[in-house]
Structure formats: C-alpha cells, structure tokens
Amino acid sequence: MIDLRSDTVTKPSFAMRQAMAQAEVGDDVYGEDKTVRQLEETAAQMLGKEAGLFVTSGTQGNQVAILTHTRHGQEVIVDADAHVFYYEVGAMAALGGLQTRPLAGERGMMDIAAIEAAIRPDNIHFPETGLICLENTHNRAGGTVLPLSYMAAVHTLATRYHVPVHLDGARLFNAVVASGESAADYAATVDSVQFCLSKGLGAPVGSILVGSSAFIERARKWRKMLGGGMRQAGVIAAPGIIALTQMVERLAEDHARAKRLAEGLANIRGLTVDVDRVETNIVLVDVRDSGMPPEEFLTTLQQCGVLATSFGGTLMRFVTHVDVTDDHIDDAIAAAAFTTRMR
Ligand SMILES: *Cc1c(COP(=O)(O)O)cnc(C)c1O
C-alpha cells in the first residue's frame with residue numbers, strides 16, 4: 001500500500017528505535033527525565049523561545065496553549081478552516097469556555113483589516129478578544145505557506161491591541177524549508193508555537209509547545225490537568241530529538257514529490273488540481289469532473305494500492321512523507337489514471 005492519507009502514518013526509523021531503547025529516563029512530572037528536558041530545550045532554542053513543553057499531540061499542544069492564553073468567556077479570532085476550529089472536537093468551547101470568531105481566509109490567511117475589525121472594542125455588550133490563532137503551513141488550504149511578512153503584519157496589529165497570538169505550526173518546518181525563513185524568525189512573530197514531531201519529521205509520538213518561561217510554566221499545569229503529565233517519557237522524546245535535529249532538511253524531498261504528484265494528477269482527465277497551490281507536502285484534488293462519487297474514487301484507488309483521504313465533498317487530500325519514494329509517486333499517478341478510467 002502507498003499510504004498518502006497523511007504524514008502522520010510514518011513509522012519510526014531504525015535510528016529512532018535505537019534511541020528509544022537507549023534513552024535515559026526519569027519521572028518527567030517530577031522534572032527528572034533528562035531526555036524530555038533535552039528535547040524541550042533543543043526545541044526552544046531552535047525556535048528562539050525561552051522554554052518548551054513536550055505534549056502528547058498537536059491537539060493537546062494547541063489546546064493547552066489556548067487555555068493558557070485565555071479566560072472563560074473570551075473570544076478567539078481564527079481562520080474558518082483552521083485545525084483548532086475545524087478538527088479539535090470543539091475543545092475551545094468545551095474546555096476553554098471560549099467563543100470562536102471564525103473569519104474566511106485566503107490560502108490560510110485572514111485579511112489583516114478583517115482581523116482588526118473583529119478585535120472587540122471596550123463595550124459592556126462585548127466579549128473580550130483573548131487570542132488570535134494562525135496556522136502555518138495551512139492544512140485545509142492545501143499546505144500553503146504563510147509568508148513571514150504576513151505573520152509580522154498580524155503581530156504588529158495584535159501588539160497594538162494587546163492580543164496574544166498562537167501559531168498552530170503543526171507543519172511549521174515544512175513552511176521553514178519551503179520559504180527559506182528560519183523557525184526562530186517565524187516564532188518571533190507570535191507568543192506561542194505548537195509544532196508536531198509526528199508528522200513530516202517522522203517521530204512516532206508527540207508535539208512541542210514553546211513560549212516564554214512564564215507561559216510554559218502555566219502551560220505545564222494545564223497539560224497536567226488534561227492528563228498529559230507523562231512519566232518516563234524519554235522513550236518517546238528520544239526519537240523526537242532525532243526528528244528535530246536530523247529530519248528537517250529532507251522535507252524538501254517531500255515537497256518536490258508532492259509537486260510532481262500534483263502535476264501528474266493534473267494531467268488526468270476528470271481530476272482538478274491547483275498545482276500552483278502545492279507549496280509543501282499536501283496535494284488537494286477535486287474529483288467532481290470525473291463523474292465518480294468521492295467514496296467510489298477512494299475505494300477504487302485503494303484497490304489499486306493507493307490510500308488518500310476525503311477532505312469533504314469531492315475534495316481529496318494526498319500527503320507525501322518520509323516513507324514515500326519517487327517510485328511511489330509514479331505508481332500513485334498511474335493508479336489515479338486507472339481509477340478515473342473505471343468510470
Ligand atoms: C495534525 C494537525 C494538528 C493536530 O495534531 P494531532 O497530533 O493529530 O493532534 C493540529 N494542527 C494542524 C494544522 C494539523 O495538521
């Protein structure tokens with residue numbers, strides 16, 4: 001099977017498994033796991049923030065950040081297709097008692113003037129604007145990169161209104177590699193960043209949250225409340241260190257393969273792909289013109305040995321990652337061509 005459903009499906013490398021076996025561990029709730037500490041410090045340093053926190057998942061990292069930044073009854077400005085709004089089980093409302101203010105975005109970017117208009121003035125009727133969330137790369141927009149200049153513009157605005165900004169950087173390193181900007185430069189435009197070790201970077205488990213020391217101290221307590229205080233977590237932090245220090249540069253290969261996949265799929269009659277939009281490792285494909293119901297497209301493609309995922313309506317998502325080779329891309333294009341001819 002060529003699994004293009006997500007970059008979360010990667011299996012840990014031999015080097016990662018070796019690191020897991022040899023990891024020095026301790027009770028991390030007592031702050032005694034040296035491997036976890038090393039991962040947190042390495043991550044904070046790479047992102048130019050004071051401190052880091054190893055969390056169980058991207059969702060936990062985002063929600064811990066949101067809980068730490070806000071108070072019940074506040075409002076959060078967020079892109080309407082953002083993961084924190086669309087895919088996190090309504091946690092902002094359920095756990096944070098927050099009201100969301102979703103704004104339509106373009107390639108993952110909310111209009112700066114629209115953000116400013118959405119920031120609540122002081123008025124007895126209004127909730128307080130507690131937070132602005134950004135996402136880079138932007139998953140539902142198709143892995144698009146938010147330019148540093150855009151993030152800096154949001155930062156300037158947010159600073160003027162004293163509103164903190166959280167970055168859902170689940171795939172921040174894809175943005176770093178695609179744009180040539182540094183992770184630290186991106187992180188400098190926001191108050192906190194969550195990024196995933198378990199996606200393109202290839203680790204089996206976990207995400208990192210970074211921010212100021214005071215922020216991370218409070219976030220650590222929220223993580224504990226959510227059940228994310230882990231004990232000898234060095235065994236899962238060890239592959240995270242490899243992910244962070246050895247797996248970033250190779251993301252460029254995933255991007256090149258995604259581009260080639262997009263070009264190949266765009267040449268197939270019945271499939272619509274915006275090739276220009278493929279900036280990183282995600283390819284969105286619309287099967288509407290194939291005349292095939294989306295489920296039938298996916299099951300036929302699966303019978304040809306290729307897995308993709310439904311992205312709502314007639315849209316499909318294909319994601320490249322460390323376990324996908326050049327040959328897999330050729331085979332996936334051939335399988336998609338065959339699938340559309342089954343109609
Ligand atoms: C995957 C993802 C997350 C959540 O990560 P999990 O580890 O699956 O909880 C958050 N934001 C974005 C943009 C993602 O793609």
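The values are calculated or read from the model by the stated rules, or taken from the named source; none is laboratory data. In this text the structure is predicted, and so the values were computed from the model without any measurement. All Cβ positions, even for glycine, are placed from backbone atoms using ideal geometry, and neighbour counts span all protein chains on display.
Some points to look at:
- Residues in the stretch 1-37 that are of a type in the set (Lys, Arg) and outside any helix (DSSP H, G or I) were compared, and the one that is modelled with the lowest pLDDT is Lys11.
- Residue match in the stretch 207-225 (condition: farther than 30 Å from Thr70 by Cβ, at pLDDT 95 or above and either of a type outside the set (S, T, N, Q) or within 16 Å of the ligand (Cβ to nearest atom) (or both)): no
- Candidates are the residues of the stretch 124-159 that are free of Cβ contacts under 8 Å to residues at least 60 places away in the same chain and assigned to a loop (DSSP other than H, G, I, E, B); the one that is nearest to the ligand (Cβ to nearest atom) is Asn136.
- Selection within the stretch 6-30 - buried (at least 19 other Cβ atoms within 10 Å of the Cβ) and of a type in the set (D, E, K, R): Asp7, Asp28
- Being among the aromatic types (Phe, Trp, Tyr), over 18 Å from Leu172 (Cβ atoms) and in the same structural domain as Lys221 (by TED's automatic domain parsing) is a property that does not hold for Phe54.
- Just one residue in the set Glu106, Glu116 is more than 17 Å from the chain's Cα centre (by Cα), within 25 Å of Val278 (Cβ to Cβ), at pLDDT 95 or above and in the same structural domain as Arg218 (by TED's automatic domain parsing); that residue is Glu106.
- When the stretch 171-187 is filtered for residues that are in a helix (DSSP H, G or I), surrounded by fewer than 24 Cβ atoms within 10 Å (Cβ to Cβ) and not aliphatic (A, V, I, L, M), the ones remaining, listed by number, are Ser179, Asp185.
- Test: residue in the stretch 86-101 that is within 16 Å of the ligand (Cβ to nearest atom), among the aromatic types (Phe, Trp, Tyr), in the same structural domain as Gln232 (by TED's automatic domain parsing) and surrounded by fewer than 17 Cβ atoms within 10 Å (Cβ to Cβ): yes
- Residues of the stretch 181-206 classified as of a type in the set (S, T, N, Q) and either away from the ligand (no atom under 12 Å from the Cβ) or over 22 Å from Thr35 (Cα atoms) (or both), total: 3
- The set of residues in the stretch 1-48 that are of a type in the set (D, E, K, R) and closer than 20 Å to Gln246 by Cα comprises Asp7, Lys11, Arg17, Glu24, Lys34, Arg37, Glu40, Glu41.
- Some residue of the stretch 290-307 being within 21 Å of Tyr87 (Cα to Cα) and surrounded by fewer than 14 Cβ atoms within 10 Å (Cβ to Cβ): yes
- Check on Ile242, among the β-branched types (Val, Ile, Thr), touching a Phe, Trp or Tyr at 6+ places or on another chain (Cβ under 9 Å) and under 18 Å from Arg37 (Cα atoms): no
- Scanning the stretch 167-180 for residues that are within 11 Å of the ligand (Cβ to nearest atom) and either without any contact (Cβ under 8 Å) to a residue 40 or more places away in the chain or in contact with a strand residue (DSSP E or B) (Cβ under 8 Å, 6 or more places away or on another chain) (or both) yields Leu167, Asp168, Gly169, Ala170, Arg171, Leu172.
- Test: residue in the stretch 215-227 that is under 16 Å from Lys49 (Cβ atoms), in a strand (DSSP E or B) and not acidic (Asp, Glu): no
- Checklist (1) within 16 Å of the ligand (Cβ to nearest atom); (2) of a type outside the set (A, V, I, L, M); (3) within 17 Å of Arg218 (Cα to Cα); (4) assigned to a helix (DSSP H, G or I) applied to Phe54, failing item: (4)
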